[in-house]
Amino acid sequence: MPPEVPAGPPPPPPLVAGPLPIDFHNGKAIRAALFTASLIFFFSTFPLPLAAALLWRVVILVAGGFLSVVFYRRWTGQTLTIKSGARIGWITGIFAFVLTLLVLTMAMVAISSSGDLITVWSEQMRQSGGNDPGVEQAVEVMKQPASFALLILLVIAILFGVTTILPSLGGILAVKLLKKDG
(Lines give C-alpha, C1' and ligand atoms only; values in the text may rest on other atoms or scores of the structure.)
Protein backbone atom coordinates (compact mmCIF):
# COMPACT_ATOMS: atom_id res chain seq x y z
CA MET A 1 0.00 0.00 0.00
CA PRO A 2 1.49 3.36 -1.00
CA PRO A 3 2.10 5.90 1.76
CA GLU A 4 -0.57 8.49 2.23
CA VAL A 5 0.26 11.89 0.85
CA PRO A 6 -0.86 14.72 3.10
CA ALA A 7 -3.53 16.87 1.52
CA GLY A 8 -2.41 20.42 0.81
CA PRO A 9 -4.59 23.45 0.79
CA PRO A 10 -7.39 23.41 -1.75
CA PRO A 11 -6.56 25.00 -5.10
CA PRO A 12 -7.57 28.64 -5.42
CA PRO A 13 -10.79 29.36 -7.27
CA PRO A 14 -10.34 30.27 -10.93
CA LEU A 15 -9.78 33.96 -11.55
CA VAL A 16 -12.83 35.67 -12.88
CA ALA A 17 -12.05 38.87 -14.66
CA GLY A 18 -14.37 41.66 -13.65
CA PRO A 19 -15.29 44.54 -15.87
CA LEU A 20 -12.33 46.51 -17.16
CA PRO A 21 -11.91 49.94 -15.62
CA ILE A 22 -12.86 52.84 -17.85
CA ASP A 23 -9.55 54.52 -18.59
CA PHE A 24 -7.12 55.14 -21.42
CA HIS A 25 -5.94 51.49 -21.23
CA ASN A 26 -9.40 50.09 -22.04
CA GLY A 27 -9.42 49.70 -25.83
CA LYS A 28 -13.19 49.39 -26.18
CA ALA A 29 -13.78 52.47 -24.03
CA ILE A 30 -11.27 54.42 -26.12
CA ARG A 31 -12.91 53.19 -29.33
CA ALA A 32 -16.37 54.23 -28.10
CA ALA A 33 -15.10 57.61 -26.92
CA LEU A 34 -13.14 58.36 -30.08
CA PHE A 35 -16.00 57.30 -32.35
CA THR A 36 -18.43 59.47 -30.40
CA ALA A 37 -16.00 62.41 -30.29
CA SER A 38 -15.75 62.27 -34.07
CA LEU A 39 -19.57 62.39 -34.25
CA ILE A 40 -19.57 65.40 -31.91
CA PHE A 41 -16.99 67.10 -34.09
CA PHE A 42 -18.93 66.35 -37.29
CA PHE A 43 -22.25 67.62 -35.93
CA SER A 44 -20.64 70.73 -34.45
CA THR A 45 -19.63 71.93 -37.92
CA PHE A 46 -23.20 72.74 -38.96
CA PRO A 47 -23.45 76.46 -39.76
CA LEU A 48 -25.92 78.04 -37.34
CA PRO A 49 -26.50 81.51 -35.85
CA LEU A 50 -24.46 82.11 -32.68
CA ALA A 51 -27.18 81.47 -30.08
CA ALA A 52 -28.44 78.37 -31.87
CA ALA A 53 -24.86 77.15 -32.36
CA LEU A 54 -24.12 77.45 -28.63
CA LEU A 55 -27.29 75.58 -27.68
CA TRP A 56 -26.58 72.96 -30.37
CA ARG A 57 -23.04 72.51 -29.04
CA VAL A 58 -24.38 71.89 -25.50
CA VAL A 59 -26.89 69.35 -26.82
CA ILE A 60 -24.37 67.42 -28.90
CA LEU A 61 -21.79 67.36 -26.11
CA VAL A 62 -24.29 65.88 -23.64
CA ALA A 63 -25.58 63.51 -26.34
CA GLY A 64 -22.00 62.51 -27.11
CA GLY A 65 -21.39 61.41 -23.53
CA PHE A 66 -24.69 59.56 -23.58
CA LEU A 67 -23.83 57.79 -26.84
CA SER A 68 -20.37 56.77 -25.66
CA VAL A 69 -22.03 54.83 -22.82
CA VAL A 70 -24.55 53.31 -25.25
CA PHE A 71 -21.80 52.20 -27.64
CA TYR A 72 -19.63 50.82 -24.84
CA ARG A 73 -22.54 48.84 -23.39
CA ARG A 74 -23.46 47.50 -26.81
CA TRP A 75 -19.89 46.48 -27.66
CA THR A 76 -19.06 44.91 -24.27
CA GLY A 77 -22.40 43.94 -22.75
CA GLN A 78 -21.28 45.52 -19.48
CA THR A 79 -23.38 47.82 -17.43
CA LEU A 80 -21.57 50.82 -16.07
CA THR A 81 -21.54 52.56 -12.73
CA ILE A 82 -22.22 56.28 -12.51
CA LYS A 83 -18.49 56.87 -12.03
CA SER A 84 -17.68 54.79 -15.13
CA GLY A 85 -20.31 56.62 -17.18
CA ALA A 86 -18.85 59.97 -16.14
CA ARG A 87 -15.36 58.74 -16.95
CA ILE A 88 -16.18 57.47 -20.45
CA GLY A 89 -18.02 60.74 -21.09
CA TRP A 90 -14.97 62.64 -19.88
CA ILE A 91 -12.68 60.66 -22.20
CA THR A 92 -15.09 61.45 -25.04
CA GLY A 93 -14.82 65.12 -24.11
CA ILE A 94 -11.02 64.95 -24.10
CA PHE A 95 -11.04 63.59 -27.64
CA ALA A 96 -13.64 66.16 -28.77
CA PHE A 97 -11.52 68.93 -27.21
CA VAL A 98 -8.37 67.74 -29.00
CA LEU A 99 -10.18 67.57 -32.36
CA THR A 100 -11.64 71.05 -31.85
CA LEU A 101 -8.32 72.49 -30.71
CA LEU A 102 -6.55 71.04 -33.76
CA VAL A 103 -9.03 72.65 -36.14
CA LEU A 104 -8.94 75.99 -34.28
CA THR A 105 -5.15 75.94 -34.39
CA MET A 106 -5.16 75.28 -38.12
CA ALA A 107 -7.65 78.13 -38.61
CA MET A 108 -5.48 80.48 -36.52
CA VAL A 109 -2.40 79.55 -38.55
CA ALA A 110 -4.30 80.12 -41.81
CA ILE A 111 -5.62 83.49 -40.65
CA SER A 112 -2.29 84.67 -39.27
CA SER A 113 -0.41 83.63 -42.42
CA SER A 114 -2.75 85.75 -44.55
CA GLY A 115 -2.55 88.81 -42.32
CA ASP A 116 -2.63 90.05 -38.77
CA LEU A 117 -4.66 87.73 -36.53
CA ILE A 118 -5.61 90.48 -34.09
CA THR A 119 -6.87 92.68 -36.94
CA VAL A 120 -9.02 89.85 -38.32
CA TRP A 121 -10.53 89.15 -34.88
CA SER A 122 -11.10 92.87 -34.29
CA GLU A 123 -13.00 93.20 -37.56
CA GLN A 124 -15.14 90.16 -36.74
CA MET A 125 -15.96 91.59 -33.31
CA ARG A 126 -16.89 94.95 -34.82
CA GLN A 127 -19.16 93.28 -37.38
CA SER A 128 -20.92 91.10 -34.81
CA GLY A 129 -21.09 93.76 -32.10
CA GLY A 130 -22.54 96.60 -34.11
CA ASN A 131 -22.21 99.97 -32.33
CA ASP A 132 -21.59 98.53 -28.88
CA PRO A 133 -18.91 100.59 -27.07
CA GLY A 134 -17.77 97.44 -25.26
CA VAL A 135 -16.61 96.02 -28.58
CA GLU A 136 -14.21 98.94 -29.11
CA GLN A 137 -12.82 98.47 -25.59
CA ALA A 138 -12.33 94.76 -26.25
CA VAL A 139 -10.58 95.53 -29.55
CA GLU A 140 -8.19 97.91 -27.77
CA VAL A 141 -7.39 95.27 -25.16
CA MET A 142 -6.77 92.70 -27.92
CA LYS A 143 -4.20 94.97 -29.57
CA GLN A 144 -1.88 94.37 -26.62
CA PRO A 145 -0.01 91.08 -27.23
CA ALA A 146 -0.01 90.01 -23.57
CA SER A 147 -3.74 90.62 -23.26
CA PHE A 148 -4.41 88.78 -26.51
CA ALA A 149 -2.36 85.78 -25.36
CA LEU A 150 -4.23 85.75 -22.05
CA LEU A 151 -7.53 85.87 -23.92
CA ILE A 152 -6.50 82.87 -26.06
CA LEU A 153 -5.49 80.88 -22.96
CA LEU A 154 -8.76 81.78 -21.23
CA VAL A 155 -10.78 80.65 -24.25
CA ILE A 156 -8.86 77.35 -24.37
CA ALA A 157 -9.43 76.75 -20.64
CA ILE A 158 -13.16 77.45 -20.93
CA LEU A 159 -13.38 75.25 -24.03
CA PHE A 160 -11.65 72.43 -22.17
CA GLY A 161 -13.99 72.72 -19.17
CA VAL A 162 -17.17 72.81 -21.21
CA THR A 163 -16.05 70.12 -23.65
CA THR A 164 -15.20 67.66 -20.88
CA ILE A 165 -17.88 68.38 -18.28
CA LEU A 166 -20.91 68.18 -20.57
CA PRO A 167 -20.10 64.72 -22.01
CA SER A 168 -19.44 63.52 -18.46
CA LEU A 169 -22.94 64.64 -17.53
CA GLY A 170 -24.26 62.85 -20.63
CA GLY A 171 -22.46 59.67 -19.54
CA ILE A 172 -24.02 59.90 -16.07
CA LEU A 173 -27.45 60.49 -17.61
CA ALA A 174 -27.04 57.43 -19.84
CA VAL A 175 -26.09 55.20 -16.91
CA LYS A 176 -29.09 56.43 -14.92
CA LEU A 177 -31.55 55.99 -17.79
CA LEU A 178 -30.16 52.70 -19.14
CA LYS A 179 -29.91 51.09 -15.70
CA LYS A 180 -33.63 50.45 -15.92
CA ASP A 181 -33.16 48.59 -19.22
CA GLY A 182 -30.71 46.03 -18.06
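Pairs are defined by a Cβ separation below 6 Å, a sequence spacing of at least 6 or placement on different chains, a first member in region 11-30 that is modelled with pLDDT of 90 or more, and a second member that is in a loop (DSSP other than H, G, I, E, B); the pairs so defined are Asn26/Leu20; Ala29/Ile22.
Find the residue count for region 108-132, including only residues that are closer than 20 Å to Leu50 by Cβ and either modelled with pLDDT of 85 or more or over 25 Å from the mean Cα position of the chain (by Cα) (or both).
If we filter region 108-132 for residues that are closer than 20 Å to Leu50 by Cβ, which is where we start, we get 108, 111, 120-132.
Then keep just the ones that are either modelled with pLDDT of 85 or more or over 25 Å from the mean Cα position of the chain (by Cα) (or both); that gives 111, 120-132.
Summing the residues that are closer than 20 Å to Leu50 by Cβ and either modelled with pLDDT of 85 or more or over 25 Å from the mean Cα position of the chain (by Cα) (or both) in region 108-132 gives 14.
Considering region 84-107, and only residues there that are within 19 Å of Val58 (Cβ to Cβ) and of a type in the set (Ser, Thr, Tyr), the residue that is nearest to the chain's Cα centre (by Cα) turns out to be Thr92. From the list Leu48, Leu102, Leu67, Leu34, the lone residue that is in a helix (DSSP H, G or I), farther than 23 Å from Pro19 by Cα, out of contact with any strand residue (DSSP E or B) (no Cβ under 7 Å at 6 or more places or on another chain) and not basic (Lys, Arg) is Leu102. Among the residues of region 138-182, those that are exposed (fewer than 11 other Cβ atoms within 10 Å of the Cβ) and among the aliphatic types (A, V, I, L, M) comprise Ala146, Ala149, Leu153, Leu154, Ala157, Ile158. Annotation note: Cβ proximity below 9 Å between a residue of region 85-111 that is polar (S, T, N, Q) and a residue that is outside any helix (DSSP H, G or I) (sequence gap 6+ or interchain) occurs for Thr100/Ser44.
Please indicate, with yes or no, whether at least one residue in region 82-95 is in contact with a Ser or Thr (Cβ under 8 Å, 6 or more places away or on another chain), among the polar types (S, T, N, Q) and in a helix (DSSP H, G or I). Yes, the conditions are met somewhere in region 82-95.
Residue by residue through region 88-119, note down the ones that are under 18 Å from Ala29 (Cα atoms) and either exposed (fewer than 13 other Cβ atoms within 10 Å of the Cβ) or in contact with a Pro (Cβ under 8 Å, 6 or more places away or on another chain) (or both).
Going through region 88-119, the residues under 18 Å from Ala29 (Cα atoms) turn out to be 88-99.
Residues satisfying the conditions are Gly89, Trp90, Thr92, Gly93, Ala96.
The values are calculated or read from the model by the stated rules, or taken from the named source; none is laboratory data. Here the structure is a predicted model, which is why all the values come from computation and not from measurement. Because the Cβ atoms are built from the backbone with ideal geometry, glycine has one as well, and the counts that use them run over all protein chains shown.
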